[in-house]
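Take a look at the structure below.
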Amino acid sequence: MLKSDFEELNRAQRARGEKEFANPRNAAAGALRQLDSHVTATRKLTFFAYGLGAAQGVPRFAKHSQLLEYLAENRFAVAAERAVVRGAGALLEYYRKIGEKRERLPYDIDGVVYKVNDLAAQERLGFVARAPRFAVAHKFPAEEATSEVVAIGVQVGRTGALTPVARLKPVFVGGVTVTNATLHNEDEIRRKDIRIGDTVVVRRAGDVIPEVVRVLQEKRPPRARQFVMPERCPVCGSAVKRLEDEAVARCTAGLYCPAQRKQALLHFASRRAMDIEGLGDKLVDQLVDGGVVKTPADLYRLDVGALARLERMAEKSAANVIAAIERSKRTTLARFIYALGIRNVGESTARDLAQHFGKLGDLMAADEEALQWVPDVGPVVAQSIAQFFAESHNRKVVKQLLDIGAQFERMPAAHRGRVAGKTFVLTGTLLNLTREEARSRIEARGGRVTGSVSKKTDYVVVGSEPGSKRDQARKLGLAMIDEPGLLELLKG
């Protein structure tokens, strides 16, 4: 959202007597999250094109900069503040120049992005789960302000991690009023020597998460006192333990701790997990605090009457939540694994596990060695998974969920044999499928598409005008197939 449009939006908010937005970033994000598209349409949002997805009739480009010029010539909005430079020194000079122009730009920025210009090199570098390997963000220093630490509290997270949090005198920084700031862990508090009563410098890391940067020692009052991590969980009173190789102290109670229970339920119901619409923070608070729900399996025993009796829950709202819970019973194995909240297992790893094992029972029975056969699963992740399923109460909850009727959309056995668990790499242009279509069809049948060739690659799909991936595949002696061969595989 442009600064001028943001100011106009806040003027309109004031005129209507409504709450103003803190900054353009929040206003733009809020506009995109609106369920009513008519509301979104009233917000003046702006877009800069920076790449291409699927496209037809577009020339082939060797450089990213050529692609951006082509988009600009064809009247797409492209950021004017861009340049092609060579070497680290020139990158840093560009960063400095943009930093000087930052306040004069018509929109807010928090840094610059360096990208490899050669598109063939971009393809070789590929992606990790959520980000490209060929680009890196260089952030500007965050805006800083000073405040006083009036107390240090402790939050208990979904995995039982105890995170110390500084309670601050309200201070305006980075476009918002900050009253809490993360202190990360006990070691970090000791390293920065943060004490209750100290005057501290606060910033929003990445212009998002408030954190304490340093203590102004010269302003430390005689009454300042050190923080001591509690030996008992502040929520459930269970023992707190810190492993030798970890910086984080954890509550040992697992799902029996209400704090972990609430976060575990919210994670279980989240959009990328079981996607139970309507099961938000306030409803989960009531269900847990009232002793109605203790595990995810208890959600499936709820009825409309039980929900309708809760505060701020009408019968219609209760019926909608129950319908959403019922719909969630039919899901994918990958979503179910992710929903369990296993430590170190994100969406990408959950998908890999589902594709590799095919059945939940096989995953639960796998030992650490067997788990490490899954792509990108190393010793730490394997240990987390094995420990999770070794806990009797976790296995009990999983069994209850299956008994209640959780069903996974499974692939036919033939597909599992031909494609599932196999790793594919795409190179060149396919005639009948776009890259995204090919990826979707492979993943729908249990396969995995990566951006780089390795010994773990099962098939390299070669289209017209292939890149260096074909040469790498030849060197490694990997199986190479053309588009008809891929389509035949996908048929099972």
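The values are calculated or read from the model by the stated rules, or taken from the named source; none is laboratory data. Since we're looking at a predicted model, the values are computed, not measured. Backbone-built Cβ (ideal geometry, glycine too); neighbour counts: all protein chains shown.
When residues of region 174-201 are filtered for being part of a strand (DSSP E or B) and more than 22 Å from VAL156 (Cα to Cα), how many remain?
Residues in region 174-201 being part of a strand (DSSP E or B) and more than 22 Å from VAL156 (Cα to Cα): 5 in total.
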Practice problem: Return the total of residues in region 149-177 being modelled with pLDDT under 90 and either over 25 Å from GLY346 (Cα atoms) or among the hydrophobic types (A, V, I, L, M, F, W, C) (or both). | Solution: 6
Quiz item: Are any of the residues in region 44-58 free of Cβ contacts under 8 Å to residues at least 12 places away in the same chain, exposed (fewer than 11 other Cβ atoms within 10 Å of the Cβ), more than 28 Å from the chain's Cα centre (by Cα) and assigned to a loop (DSSP other than H, G, I, E, B)?
Solution: yes
Self-check item: Every residue from region 366-406 that is among the aliphatic types (A, V, I, L, M) and under 26 Å from LYS294 (Cβ atoms)
Solution: ILE385, ALA386, ALA390, VAL397, VAL398, LEU401, LEU402, ILE404, ALA406
Practice problem: With respect to THR163, determine if the residue is out of contact with any Leu (no Cβ under 9 Å at 6 or more places or on another chain) and of a type in the set (S, T, N, Q). | Solution: no
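Could you pull out every one of the helices (runs of 4 or more DSSP H) wholly within region 299-357 that has 1 or more residues that are under 30 Å from GLN372 (Cβ atoms)? Spell out the reasoning first.
Values: elements: 304-308, 315-327, 333-339, 347-357.
The qualifying helices (runs of 4 or more DSSP H) are 333-339, 347-357.
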Quiz item: Which ones in region 292-312 are more than 20 Å from ASP275 (Cβ to Cβ) and under 30 Å from the mean Cα position of the chain (by Cα)?
Solution: VAL292, LYS294
Exercise. Please list, ordered by first then second residue, the pairs with beta carbon atoms under 7 Å, 6 or more apart or interchain, first in region 374-393 and assigned to a helix (DSSP H, G or I) and exposed (fewer than 14 other Cβ atoms within 10 Å of the Cβ), second modelled with pLDDT under 85 and not polar (S, T, N, Q).
Key: HIS393/GLY254; HIS393/LEU255
Quiz item: How about region 331-365: which of its residues are aliphatic (A, V, I, L, M), surrounded by fewer than 21 Cβ atoms within 10 Å (Cβ to Cβ) and closer than 22 Å to GLY447 by Cβ?
Solution: VAL345, LEU360, LEU363
Exercise. With the condition kept exactly as written, say whether any residue in region 188-200 is in contact with a strand residue (DSSP E or B) (Cβ under 6 Å, 6 or more places away or on another chain) and under 29 Å from THR349 (Cβ atoms).
Key: no
Quiz prompt | Qualifying helices (runs of 4 or more DSSP H) (wholly inside region 408-479; at least 1 residues being at pLDDT below 80, under 31 Å from the mean Cα position of the chain (by Cα) and within 17 Å of SER348 (Cα to Cα)) | solution = 435-444
Practice problem: Filter region 124-147 down to residues that are surrounded by 17 or more Cβ atoms within 10 Å (Cβ to Cβ) and of a type in the set (D, E, K, R), then give me how many there are. | Solution: 1
Quiz item: Mind checking which residues of region 113-133 are within 21 Å of the chain's Cα centre (by Cα) and either at pLDDT 95 or above or closer than 26 Å to VAL171 by Cα (or both)?
Solution: VAL113
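Identify, please: which residue in region 215-251 is of a type in the set (A, V, I, L, M) and assigned to a strand (DSSP E or B) and is, among those, farthest from ARG261 (Cα to Cα)?
This residue is VAL215.
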Quiz item: What about SER317, is it farther than 16 Å from ALA264 by Cα and under 27 Å from the mean Cα position of the chain (by Cα)?
Solution: no
Exercise. For region 193-202, state whether one or more residues are within 30 Å of GLN383 (Cβ to Cβ) and modelled with pLDDT of 95 or more.
Key: no
